[in-house]
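These notes are about the structure you will find just below.
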Amino acid sequence: MRKRVSRRVTNHNKMSAVSSARPKKIDPLSKKIPENPKYKHVKPTVDTGSSVSRYLARIEEMKRDYKFKKDEIFKRMKISTLIQLIVQIAKLETAETSRSFDGDLGDGDRPSTADQEVQKICDGEESPPTSSREGAETSRSTLQHVIRGVGEIDMDKPPPPPQKLFVDDMCPYLLLDIRDEDAYHQCHIISAKSFPRARLSRSVNYENNDLLSYRNQTGKIIILYDEDERIAHDAATTLVQRGYDNLFLLSGGLKVAYKNYPEGLITGTLPMSVTEKKPKKIEPADQKHFCSDDIDRLSIYLDTALKDQSVGSRLSRASTTARTISQQSTKSNLTSRSNLDHRPTFKP
C-alpha cells in the first residue's frame, strides 16, 4: 500500500512541474483592433482600388440583394443601366424639343433686339403683329410687352404642372410593376405601369395593350421589377417562355433602387420592408413622368455610382446597351423627317 501511494505522489509532482521556457513576446502592432459596432457603417474616404475585402463585401451584398439562379432564361438589367437610359432619353427629348421650338419660328417671327425696340419706341413706331400669333401671347416677350405689362406674374394663379420630358409613345422602354395594385398605388418607380403577376395565371387574355405594343419591337424593351425579386423571377420566366425576347428583369427590385437612388426615382411612400424605417409622412404615388429636378438628382447619384470601382466602369456592356437603345429610338422617330430631305430628284 505504501508503494502505490508514493507512486501517485511522484506522478502528481511531475504533472505540476512549472515549465522553464520563457513566454513569447507579443507584438502590439500585430494585435487585431476590436470593431466598434457604433462606427461599423463608416467607410474610408480614400479609394484604394480593388481589394480582397471589397470583393468579399461585394459577394455578400449580391447574395443578400440579388437572387441569381442557374436556370434563368431571361436577361437582367442593373439599376444603374436603367438610370443611364432614363437620363439619356430625357436629354435627347429636351434637345429635340428645343430644336423643334427654334424651327417653328421664322425670320419674321423672331423678336427684335432691345436696341431696335428702343429705337422704334423713340421713333413712335410699333412692330406690326404677325398673322399667326396676333392676339396671342408668345413664349418670347419683347421690350414693348414688358413696358405694357404683358407677361407679368400672377401670384394668385397656381403654378403650371411639371413638364413631361418624354412622351410614352417615344419611350423605348416599358417598365412594369408586377406587384398587386395596392402595393403599386402605395409606391412605384416613376413612369412604371401596373401589371399584376396574377394576370399570368390566365391561359388567354393575359396581355394588355402596352405589353402587346412593346412585344419584340425593334429598339424597345420591357423591364419587370418587384420589391426584392421574390416573384419577378417566375414572371420573367413565364413571359420568355411565351415568346417575349426583349424582356429584362431589374436586378434587386425596389430595395436596390432605393438604396442607390433614394431621390428622384420612386414616387409614393415606401414600406418598412424596403426602408427598414417607419414612414413619417404618407405621400400618394401620383407622379407619372420625370421632371427636370428628378433628372438632375438621378444624374448626381449616377455619377457617384459610376465613380465607384466596385459597381462597374463606364464602358460596360450594360451602358453600351442603354446608349444603343436610346439612339435606335431617336433614329426611328426621325426617319420620316430625314427621308423627305433625301428623296431622289425627278428626271423627265
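With a 1.4 Å probe and every protein chain left in place, work out the accessible area per residue of the stretch 172-298 in Å², rounded to a whole number. All intermediate terms of the calculation are to be shown ahead of the outcome.
Working: 6170 Å² over 127 residues.
Accessible area per residue, the stretch 172-298: 49 Å².
I'd like the carbon and sulfur percentage of the solvent accessible area for the stretch 17-101, probe radius 1.4 Å, heavy atoms only, ligands and nucleic acids excluded. Working shown, then result.
On the way: 4410 of 7320 Å².
That share works out to 60 percent.
Which percent of the accessible heavy-atom area of the stretch 163-300 goes to carbon and sulfur, probe 1.4 angstrom?
Values: 3210 of 6960 Å².
Summing carbon and sulfur atoms, their accessible area is 46 percent of the total for the stretch 163-300.
Order 285-294, 67-76 from most to least packed using the mean count of other Cβ atoms within 10 Å.
Working: 285-294: 15.7, 67-76: 12.0.
Packing order, densest peptide first, comes out as 285-294, 67-76.
How do 172-179, 199-206, 54-61 rank on mean C-beta neighbours within 10 Å, highest first?
Order by mean packing, descending: 172-179, 54-61, 199-206.
Can you pull out the GluC sites (Glu not before Pro) in the stretch 220-304 whose DSSP state is coil and whose Cβ has at most 11 other Cβ atoms within 10 Å?
Numbers: sites: Glu227, Glu229, Glu263, Glu276; in loops: Glu227, Glu229, Glu263, Glu276.
Sites meeting the loop and neighbour criteria: Glu276.
Go through 188-194, 237-243 and give me the packing order, highest mean Cβ count within 10 Å leading. Write out the running numbers ahead of the final one.
Values: 188-194: 19.4, 237-243: 15.0.
Output ranking for 188-194, 237-243: 188-194, 237-243.
The values are calculated or read from the model by the stated rules, or taken from the named source; none is laboratory data. Note that the coordinates shown come from a computational prediction; the quantities given were computed from them, not determined experimentally. Because the Cβ atoms are built from the backbone with ideal geometry, glycine has one as well, and the counts that use them run over all protein chains shown. Surface accessibility is based on the protein's heavy atoms, side chains included, excluding ligands, DNA and RNA. Shrake-Rupley method; radii C 1.70, N 1.55, O 1.52, S 1.80 Å.
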